[in-house]
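Report on the structure given below.
Just so you know, all these numbers are worked out from the coordinates, no wet-lab data involved. What you are looking at is a predicted structure, and each value in this text was computed from that prediction instead of being measured. Reconstructed Cβ throughout: ideal geometry from the backbone, glycine too, with neighbour counts over all protein chains shown.
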Amino acid sequence: MPLRTVRIRSFREVRGGGLITLEGCDSREDADLWRNAELVVERTAVPPAPEGLVYHFELVGCRCRDHAEGELGQVVEVVEDGGGHLLRLRRASDEVEILVPFVDAFIERLDVEAQEIDLRLPAGLVEICGSAS
């Protein structure tokens, strides 16, 4: 679907998600045209995250370092796997990808402004969770 600007008429929470009504989208047939579309919101229109929380988009691009392993790579995606969130990291030097659980126990420092995440991962986790792309 080509990029288009739309106005949201209403929003309500539904079963852990949301139901959005768009202006000009007045029938089921109109709504079907939007199925699987991606809704993009300008960053300036997003309110700050509540204290102690971050948005997924704020994590993408962050450089990750582990206290023992050093540079791990950059966050390219936040994956929801049903049991929690994983950071998909990619190292530019060798294109290796690592999936790291995004849990408080592993995070030493998180600075989304500086786009830096310092981690303290269990020994062996990087080897187990890494794969060549």
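Name the long-range amide H neighbours of Phe102: under 5 Å, sequence gap of 5 or more, or other chain; modelled H, no Pro or chain starts.
Here His85, Leu86, Leu87 satisfy the definition.
Taking only Cα atoms of region 1-50, what ratio of Rg to Rh do you get with Rh as the Kirkwood inverse-distance radius? Don't skip to the answer; put the middle values down first.
On the way: Rg = 12.3 Å, Rh = 12.6 Å.
Ratio of gyration radius to Kirkwood radius: 0.97.
For the chain, set up a Gaussian network in which alpha carbons nearer than 10 Å are linked by springs, and say which option among Arg43, Arg90, Arg63 fluctuates the most.
Arg43
Sorting check: for 68-77, 14-23, which peptide has the highest mean count of neighbouring beta carbons within 10 Å, and how do the rest follow? Could you put the intermediate results ahead of the total?
On the way: 68-77: 16.1, 14-23: 10.2.
Result, highest mean Cβ count within 10 Å first: 68-77, 14-23.
The list (i) 10.7; (ii) 7.1; (iii) 9.8 gives values of mean projected area of the Cα convex hull in nm², and only one came from this structure; which label was calculated from it?
Of the listed options (i) 10.7; (ii) 7.1; (iii) 9.8, (i) comes from this structure.
Just grab the label-to-label distance for Gln115 and Cys25, each label 7 Å out from Cα along the Cβ direction, in nm (one decimal).
So the two model labels end up 3.0 nm from each other.
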